[in-house]
Amino acid sequence: QVQLVESGGGLVQTGGSLRLSCALSGRTLIRYPMGWFRQVPGKEREFVAGITWSGGVTDYGDSVKGRFTISRDNAKRTMYLQMSSMEPEDTAVYYCAASSSYSISRLSNGYNLWGQGTQVTVSS
């Protein structure tokens, strides 16, 4: 059974940093783009960042551009999200996802495999 498992969430102060990890378990090797989304209660899931299989192309949501960095280590079957200069508005449940197409999508329906989510809270 293929699964994505996020880790690294927690509580951080405004201006602080946090790194999320997304590990792929199971025999399938996902040769597609992967991404990070976040969601707060009552709002739609928001695109945070995406990365191609090779890692050569990345894309970021406007609200995190310049502060967050996405990366992946295919040998370790793990994707990362380095978050810096964090703001209270970054508070959300963060999800990692694997795409069902060959290009990075900013839409959640462009992904067909999701992790369970990890809570990130930024205190003011």
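Mind counting the residues in the range 101-120 that are surrounded by fewer than 16 Cβ atoms within 10 Å (Cβ to Cβ) and touching a residue at least 40 places away in the same chain (Cβ under 8 Å)? Step through it out loud before you land on a result.
From the range 101-120, those surrounded by fewer than 16 Cβ atoms within 10 Å (Cβ to Cβ) are 101-103, 106-107, 109, 112, 116, 119; that's our starting set.
Right, trim to touching a residue at least 40 places away in the same chain (Cβ under 8 Å) and you get 101-103, 106-107, 116, 119.
Residues flagged as surrounded by fewer than 16 Cβ atoms within 10 Å (Cβ to Cβ) and touching a residue at least 40 places away in the same chain (Cβ under 8 Å) within the range 101-120 amount to 7.
Just one of Ala49, Ala98 is without any contact (Cβ under 8 Å) to a residue 40 or more places away in the chain, open to solvent by less than 50 Å² (accessible area, probe 1.4 Å) and either over 19 Å from Arg19 (Cα atoms) or under 14 Å from the mean Cα position of the chain (by Cα) (or both); which is it? Working first, answer last.
On the way: Ala98 fails: without any contact (Cβ under 8 Å) to a residue 40 or more places away in the chain.
That would be Ala49, the only listed residue that is without any contact (Cβ under 8 Å) to a residue 40 or more places away in the chain, open to solvent by less than 50 Å² (accessible area, probe 1.4 Å) and either over 19 Å from Arg19 (Cα atoms) or under 14 Å from the mean Cα position of the chain (by Cα) (or both).
The lone criterion from (1) open to solvent by 40 Å² or more (accessible area, probe 1.4 Å); (2) out of contact with any Pro (no Cβ under 7 Å at 6 or more places or on another chain); (3) farther than 18 Å from Ile30 by Cα left unmet by Ser124 is number (2). What about Val12, is it among the hydrophobic types (A, V, I, L, M, F, W, C), at pLDDT 95 or above and open to solvent by less than 40 Å² (accessible area, probe 1.4 Å)? Judged against the criteria, Val12 is a match. Exactly one residue out of Gly26, Gly115 is among the small types (Gly, Ala, Ser) and on the phi < 0 side of the Ramachandran plot: that is Gly115. Scan the range 77-100 and tell me whether some residue there is at pLDDT below 95, out of contact with any strand residue (DSSP E or B) (no Cβ under 7 Å at 6 or more places or on another chain) and under 26 Å from Gly26 (Cβ atoms). No: zero hits. In the set (1) assigned to a loop (DSSP other than H, G, I, E, B); (2) at pLDDT below 95, the condition left unmet by Leu24 is number (1).
The values are calculated or read from the model by the stated rules, or taken from the named source; none is laboratory data. Note that the structure is a prediction, hence the values are computed from the model and not measured. Reconstructed Cβ throughout: ideal geometry from the backbone, glycine too, with neighbour counts over all protein chains shown. What goes into the accessible areas is simple: the full protein's heavy atoms, side chains included, and nothing from ligands, DNA or RNA. Shrake-Rupley method; radii C 1.70, N 1.55, O 1.52, S 1.80 Å.
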